[in-house]
Amino acid sequence: MWRLVPPKLGRLSRSLKLAALGSLLVLMVMHSPSLLASWQRNELADRRFLQLNKCPACFGTSWCRRFLNGQVVFEAWGRLRLLDFLNVKNVYFAQYGEPREGGRRRVVLKRLGSQRELAQLDQSICKRATGRPRCDLLQAMPRTEFARLNGDVRLLTPEAVEGWSDLVHCPSQRLLDRLVRRYAETKDSGSFLLRNLKDSERMQLLLTLAFNPEPLVLQSFPSDEGWPFAKYLGACGRMVAVNYVGEELWSFFNAPWEKRVDLAWQLMEIAEQLTNNDFEFALYLLDVSFDNFAVGPRDGKVIIVDAENVLVADKRLIRQSKYTTFRFVFFTLFSVKQMFLYEAYF
């Protein structure tokens, strides 16, 4: 019988595996006190872990009471900080429940960026405000573009934020009014006037819009109104909570043929709904991958769980403009094995 691996190479491979395992065990022993502490302690009730100290350079505070009261806890291995180096996207699974409700539900927690991206955000804020890479963010934020829209500014206008992110690549006033009116990180939501927001709330809204507008997409196009997005729950510091949907789409690669056909059909229906709807907003997914969709375990419904890269076009504005024909070409997922070119004509 032919050997696929020479004996010496085989022994070397085993030795390397044993060395890697030994190194991991050594690390676990060296960190055993902190390992045990992180397992026992609810770090989601820690203000510094939530990076609440960085507000208003954060994503909101609407869920801080729930976090700080210990109502949100990590699931199992999520408690081990030793494994954070594997969690590049900074996405966690947790359990949330009100004591009076007598039960918990699963939620997804997101920092909306990697550690490197968040560090670059801090450096960018500091350099713009002080010219130095490190600073007090609380003092620096009022000296950035995130604070230039003060209480004297009535509306959030396209000229002020155009191009900040995919969401406002070609914004209309109607879209921006919708973002402000449905902003969930304020107690006085419902008004499209910026002056009704506190200074800290305005800065948080604009920073979210520029860094990662996913929370604003989920708030402005909520699942309660039939949009195929995960439900936004709230934020505390630099931690955002959304509803857990189910297994990601890639886990259905080996599902029965009928199930895969159903999922593919739902994806086409999502593309149609996002393009043609009664609200006259066309939403285009610019980052389409299997892990950006999830399937509900009970109803089998496909839901978008990553809405960072979504471009929104106001079809009403397009009709009113002097241009009569627009053509947007984007890639949208139409089957579980390939991607078809999807074209929308206005």
- [ ] Go through the stretch 268-303 residue by residue and tally those that are hydrophobic (A, V, I, L, M, F, W, C), closer than 16 Å to Gly246 by Cα and crowded, with 17+ Cβ neighbours inside 10 Å.
- [x] 5
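Is one or more of the residues making up the stretch 244-264 in a strand (DSSP E or B) and farther than 16 Å from Asp306 by Cβ? Walk me through how you get there before you give the answer.
As a first pass, look at the stretch 244-264 and keep what is in a strand (DSSP E or B): 247-248.
If we keep only those that are farther than 16 Å from Asp306 by Cβ as well, we get none.
No - not one qualifying residue is present in the stretch 244-264.
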Open item on the list: Any residue that is in contact (Cβ under 8 Å) with a residue 12 or more places away in the chain, among the hydrophobic types (A, V, I, L, M, F, W, C) and part of a strand (DSSP E or B) - is there at least one of those in the stretch 220-234?
Closed with: yes
TODO: Check Lys187 against each of (1) in a helix (DSSP H, G or I); (2) surrounded by fewer than 18 Cβ atoms within 10 Å (Cβ to Cβ); (3) under 23 Å from the mean Cα position of the chain (by Cα) and name the one condition it does not meet.
DONE: (1)
Open item on the list: Pairs needed: first member in the stretch 186-200, over 21 Å from Cys236 (Cα atoms); second member anywhere, assigned to a loop (DSSP other than H, G, I, E, B) and basic (Lys, Arg); C-beta distance under 8 Å; at least 6 residues apart or different chains.
Closed with: Leu193/Arg154; Leu194/Arg154; Arg195/Arg154
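Conditions (1) under 24 Å from Ser114 (Cα atoms); (2) at pLDDT 95 or above; (3) in contact with a Lys or Arg (Cβ under 7 Å, 6 or more places away or on another chain); (4) crowded, with 21+ Cβ neighbours inside 10 Å, marked per residue:
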position: Leu193; (1), (2), (3), (4): no, no, yes, no
position: Asp199; (1), (2), (3), (4): no, no, no, no
position: Gln204; (1), (2), (3), (4): yes, yes, no, yes
position: Pro213; (1), (2), (3), (4): yes, yes, no, yes
position: Ser220; (1), (2), (3), (4): no, yes, yes, yes
position: Phe253; (1), (2), (3), (4): no, no, no, no
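Report, by residue number, each residue of the stretch 285-319 that is in a helix (DSSP H, G or I), under 20 Å from the mean Cα position of the chain (by Cα) and modelled with pLDDT under 95. Please lay out each step first, then the result.
So in the stretch 285-319, the residues in a helix (DSSP H, G or I) come out as 290-292, 315-319.
In the following step, the residues that additionally are under 20 Å from the mean Cα position of the chain (by Cα) were identified as 290-292.
Across the stretch 285-319, the qualifying residues are Phe290, Asp291.
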Open item on the list: I need a count of the residues in the stretch 146-179 that are among the charged types (D, E, K, R), within 18 Å of Lys198 (Cβ to Cβ) and touching a residue at least 40 places away in the same chain (Cβ under 8 Å).
Closed with: 2
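Could you count how many residues in the stretch 233-250 are out of contact with any strand residue (DSSP E or B) (no Cβ under 8 Å at 6 or more places or on another chain) and surrounded by fewer than 22 Cβ atoms within 10 Å (Cβ to Cβ)? Show your work before the answer.
Of all residues in the stretch 233-250, those out of contact with any strand residue (DSSP E or B) (no Cβ under 8 Å at 6 or more places or on another chain) come to 236-238, 250.
Those still in the list that are surrounded by fewer than 22 Cβ atoms within 10 Å (Cβ to Cβ) too: 250.
Of the residues in the stretch 233-250, 1 are out of contact with any strand residue (DSSP E or B) (no Cβ under 8 Å at 6 or more places or on another chain) and surrounded by fewer than 22 Cβ atoms within 10 Å (Cβ to Cβ).
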Open item on the list: When the residues of the stretch 74-86 are narrowed to those that are within 19 Å of the chain's Cα centre (by Cα) and within 18 Å of Arg48 (Cβ to Cβ), which ends up modelled with the highest pLDDT?
Closed with: Phe74
Open item on the list: Looking at Gly103, Gly131, Gly163 in this structure, which one is at pLDDT 95 or above, surrounded by fewer than 14 Cβ atoms within 10 Å (Cβ to Cβ) and not polar (S, T, N, Q)?
Closed with: Gly163
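The values are calculated or read from the model by the stated rules, or taken from the named source; none is laboratory data. All of these numbers come straight from a predicted model, not from anything done at the bench. Reconstructed Cβ throughout: ideal geometry from the backbone, glycine too, with neighbour counts over all protein chains shown.
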